[in-house]
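Here the structure comes first, spelled out in structure tokens, and everything after it is commentary.
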Amino acid sequence: MDRKKYEIEINSAKSLEQLNELEIKYLGRNGEINKLLSTIKDIPDEEKREYGQKVNLLKTEIKKYIEIKKLIVSKQKSEVFFDKTMPGKAYPKGSLHIVSLAIEEITKIFEKIGFIRVSYPEVDWEYGAFESLNMPSGHPARDDVETSFIDVPAHSTLGKMVLTPHTSNGQNREMKRVKVPPIRMINISKCYRPNWDPTHTPMFYQFEGLCVDKNITIANLKGTLDYFAEKYFGIGTKTRLRPHHFQFTEPSFEVDISCNNCQGTGIIGHPQGGQNQKGHPKGVRCKVCKSGWLELGGTGMVHPNVLKEGGISSAEFSGWAFGFGIERVIMMKYGLDDIRNYYSGDIRFLEQF
Ligand code: FA5
């Protein structure tokens, strides 16, 4: 159906009667939408789902369009005659943004195991974003996180002002706030990096976990990651750690979670099961992960220099930290392919959540 056609028709309607007629024309039992839906039998099987989704989206759009136009027309009419006895119009309801929903959910998951939600500045000094994290001025690791600087005079000891490229700037602040561990922090804040592609936006959110206490080990870290993965992504989701490098953790890891689309096998099984000629399970490669695993983000044991800078003795205490992207976990949970949609302001996308 020509999308412009219905827009023009609905827009040029001048009365509620005309709009009612258009409603029947498009949404009625013999209307255009049902005609489109009735042709679904002629669509190839693999395209049926997408076709159905598109027609349903169109239906919602037309419904909304007519609803809004009816409001406009009745308002114009009411300027002439206002009937106080008419029932009120039901305005479309708003809802929380997909990122706000995820922040609420993640906060609750960590609060349940004693973590305290904090929010540290998204505009900070170089000291918080780098120096306090074992990345002295001029250190090449600083280039790994491309940074936007604010055009104000530098602080004599804290350096230049930056838009924080990660939530790790909260680590030093939290250590200095708590002074003596235990620390169980979940820091959720906006971060900024000059990127723009399907998996990167210039503004994005990270959530940073920090746990410091006596006898904290990688086993605690792994247990917490497993707990988070099962709560957020669903029962049965597993995590694995791969060696990596961050200047502020030692040892450092990348965390992967098992893909729920293929149950971590990387293969969508053949209905009859069995093995192919090479002895691999029969089936096709999973389109979501390709390998059975999806990359979640960075983690590791807090570097002794970072503890020291926060005023905490590394002889007495140890800790771990992680930093994951909120947009990325949403993407992984719902199988989305472009995080730029989150910020497009397109209500049709946002209404799905
Ligand atoms: C860091 O930012 C580390 N600070 C994480 C960390 C914390 C490691 C504590 C160890 C201990 P990285 O640059 O990999 O790491 O970013 C972490 C996550 O942020 C990425 O996996 C990604 O999900 C998200 N991310 C990074 N840049 C962007 C961007 N431009 N848009 C959206 N998400 C992003």
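Each value in this text was obtained by applying a stated rule to the coordinates, not by laboratory testing. None of the values given here were measured: they were computed from a predicted structure. Cβ sites come from the backbone with ideal geometry, for glycine too, and all protein chains shown count toward neighbours.
If you put +1 on each Lys and Arg Cβ and -1 on each Asp and Glu Cβ, how big is the dipole of the chain around its Cα centre, in Debye rounded to 20?
Dipole size: approximately 1040 debye.
Multiplying the residue separation of Glu250 and His155 by 0.36 nm and removing their Cα-Cα distance gives an extension gain of 31.3 nm. A Cα-only calculation for segment 3-81 places Rg and Dmax at 15.0, 54 Å.
Just want the answer: with Cβ charges of +1 for Lys and Arg and -1 for Asp and Glu, which residue in Ser156, Gly319, Ile106 is farthest toward the dipole's positive end in the chain? So the residue furthest toward the plus end is Ile106.
One Cα centroid belongs to segment 117-151, the other to segment 230-307; the line between them spans 29 Å. Measuring r between the beta carbons of Asp83 and Ile40 and using R0 = 25 Å, the FRET efficiency lands at 0.05. Scanning the chain for GluC sites (Glu not before Pro) that sit in a DSSP loop and have at most 16 other Cβ atoms within 10 Å, the longest stretch containing none of them is 147-315. Over all projection directions, the Cα-based convex hull of the chain averages an area of 27.0 nm².
Averaging the sequence gap over all C-alpha pairs within less than 8 Å and six or more residues apart, then dividing by the number of residues, gives segment 3-81 a relative contact order of 38 percent. With the simple spin-label model, which puts each label point 7 Å out from Cα in the Cβ direction, the Ser148 to Asn11 separation comes to 3.3 nm. Loop-located trypsin sites (Lys or Arg not before Pro) in segment 267-353 (DSSP state other than H, G, I, E, B) with a sparse environment of at most 14 neighbouring Cβ atoms within 10 Å: Lys278, Lys282, Lys287, Lys290. Note on the chain: GNM, Cα springs under 10 Å; of Thr60, Thr237, Thr201, the largest mean-square fluctuation is that of Thr60. Computed about the Cα centre, the dipole magnitude for segment 3-81 is approximately 200 debye when only Lys and Arg (+1) and Asp and Glu (-1) carry charge, each at its Cβ.
Our estimate of slack between Ile113 and Ile347, defined as 0.36 nm per intervening residue step minus the Cα-Cα distance, is 80.8 nm. Cross-linked pairs Lys25/Lys64; Lys25/Lys84; Lys41/Lys69; Lys5/Lys70; Lys59/Lys287; Lys35/Lys59: Cα-Cα separations exceed 22 Å for Lys25/Lys84; Lys41/Lys69; Lys59/Lys287. In the chain, helical runs assigned H by DSSP with n ≥ 4 each contribute -39500 (n - 2.57); averaged across all residues and rounded to the nearest 500, the mean residue ellipticity at 222 nm is -11000 deg cm²/dmol.
Using 0.36 nm times the number of residues separating Asp213 and Ile267, minus their current alpha carbon distance, what extension gain do you get?
On the way: separation 54, 0.36 × 54 = 19.44 nm, distance 4.11 nm.
Result for the pair: 15.3 nm of gain on full extension.
Normalised by the number of residues in segment 98-350, the average gap of Cα pairs under 8 Å and 6 or more apart makes the relative contact order 21 percent.
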